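The next block holds one structure in the form of structure tokens; read it before the comments.
The values are calculated or read from the model by the stated rules, or taken from the named source; none is laboratory data. What you are looking at is a predicted structure, and each value in this text was computed from that prediction instead of being measured. Here the Cβ positions follow ideal geometry from the backbone for every residue, glycine too, while neighbour counts run over all protein chains shown.
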Amino acid sequence: MYKILLVEDDFTLAEAMRRQLCAYGNEVALVKDFRAVTEEFAAAQPHLVLMDILLPFKDGYFWCSEIRRISSVPIVFISSASDNMNIVMAMNMGGDDFIPKPVDGMVLCAKVSAILRRTYELGGEKTEYTFHGATLNPNDSTVNFQDKVIDLTRNESRILQTLLENKGKIVSRDALMTRLWQSDLYVEENTLTVNISRLRKKLEENGLNNIIVTKPGSGYILT
């Protein structure tokens with residue numbers, strides 16, 4: 001059984017989502033004090049966080065960044081503010097996925113199940129990967145390069161791992177989305193693009209330039 005922390009101030013919606021997720025065998029805790037989300041996160045020790053953006057006192061972006069200081073647990077944003085700017089912001093703040101409101105119960109459960117499966121059930125297959133003098137450690141989603149540690153989100157780590165497993169070959173967008181989300185059926189149009197851009201930026205900021213090359217109309221390749 002996986003434990004999910006739901007940060008949603010619409011208690012009618014929160015209860016509906018709690019029931020849906022519990023029907024899939026999960027345990028769901030609802031945040032009660034929106035001044036102390038980090039404290040409730042620490043007390044709950046969840047496997048995944050569902051985070052609304054518009055919250056009392058501090059928004060979901062703030063709480064996502066606070067959680068990222070202490071944990072790499074998957075964070076999925078849920079919000080009616082589902083324009084491209086908010087999706088990009090959610091990914092840049094460390095989010096792993098974005099579900100627009102109104103929330104479809106089947107989509108919610110499918111996305112949560114896929115993230116939990118790839119995060120916790122596939123962990124034993126991971127090893128280290130080397131490239132350009134750097135080392136990717138999928139177990140803790142980090143890249144070690146020249147005595148520096150680059151922290152990646154789980155999505156960024158899995159993208160890089162997939163490209164490394166296919167070094168020298170073009171990996172299509174469909175293949176990457178299938179690897180990340182099991183199916184591209186529920187993926188927002190630009191979510192993969194945002195994750196690729198964020199991964200590139202982190203690598204380049206640490207001296208790993210021109211590692212991921214876009215092949216227009218085909219996909220991506222690791223040089």
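I need the full set of residues from the stretch 1-32 which are β-branched (V, I, T) and surrounded by fewer than 20 Cβ atoms within 10 Å (Cβ to Cβ), in order please. Don't jump to the end; show me each part of the working.
The first filter runs over the stretch 1-32 and keeps only residues β-branched (V, I, T), leaving 4, 7, 12, 28, 31.
Selection gives T12 alone.
Residue-by-condition table, conditions (1) surrounded by 14 or more Cβ atoms within 10 Å (Cβ to Cβ); (2) at pLDDT below 85; (3) over 16 Å from the mean Cα position of the chain (by Cα):
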{"residue": "I87", "(1), (2), (3)": "yes, yes, no"}
{"residue": "I99", "(1), (2), (3)": "yes, no, no"}
{"residue": "T119", "(1), (2), (3)": "yes, yes, no"}
{"residue": "L122", "(1), (2), (3)": "no, yes, no"}
{"residue": "E125", "(1), (2), (3)": "no, yes, yes"}
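So which pairs qualify, if the first residue must be in the stretch 211-223 and at positive phi, the second must be part of a loop (DSSP other than H, G, I, E, B), the Cβ gap must be under 7 Å, and the two must be at least 6 apart or on different chains?
Close Cβ pairs satisfying both conditions: G219/I170; G219/S172.
Of everything in the stretch 126-163 that's free of Cβ contacts under 8 Å to residues at least 24 places away in the same chain and of a type outside the set (S, T, N, Q), which residue is farthest from R179 (Cα to Cα)? It would help to see each step written out before you state the result.
The initial filter retains those residues of the stretch 126-163 that are free of Cβ contacts under 8 Å to residues at least 24 places away in the same chain, namely 127-128, 130, 133, 135, 137-139, 142, 144, 147, 149, 157, 162.
Add one more test, that the residue is of a type outside the set (S, T, N, Q), and what stays is 128, 133, 138, 147, 149.
Details: E128: 18, G133: 25, P138: 14, D147: 30, V149: 25 Å.
So, considering only residues that are free of Cβ contacts under 8 Å to residues at least 24 places away in the same chain and of a type outside the set (S, T, N, Q), the one farthest from R179 (Cα to Cα) is D147.
What are the residue pairs meeting all of these: first residue in the stretch 66-83, first residue modelled with pLDDT of 85 or more, second residue among the hydroxyl-bearing types (S, T, Y), Cβ atoms under 8 Å, and 6 or more apart or on different chains?
Short answer, once both residue conditions are applied: E66/T38; I67/T38; P74/T119.
Name every residue in the stretch 188-223 that is part of a helix (DSSP H, G or I) and surrounded by fewer than 14 Cβ atoms within 10 Å (Cβ to Cβ), in order of residue number.
Keep residues of the stretch 188-223 that are part of a helix (DSSP H, G or I), which gives 191-205.
Correct list: K201, E204, E205.
Is it the case that R35 is over 18 Å from T191 (Cβ atoms), basic (K, R) and crowded, with 18+ Cβ neighbours inside 10 Å?
It is false that R35 is over 18 Å from T191 (Cβ atoms), basic (K, R) and crowded, with 18+ Cβ neighbours inside 10 Å.
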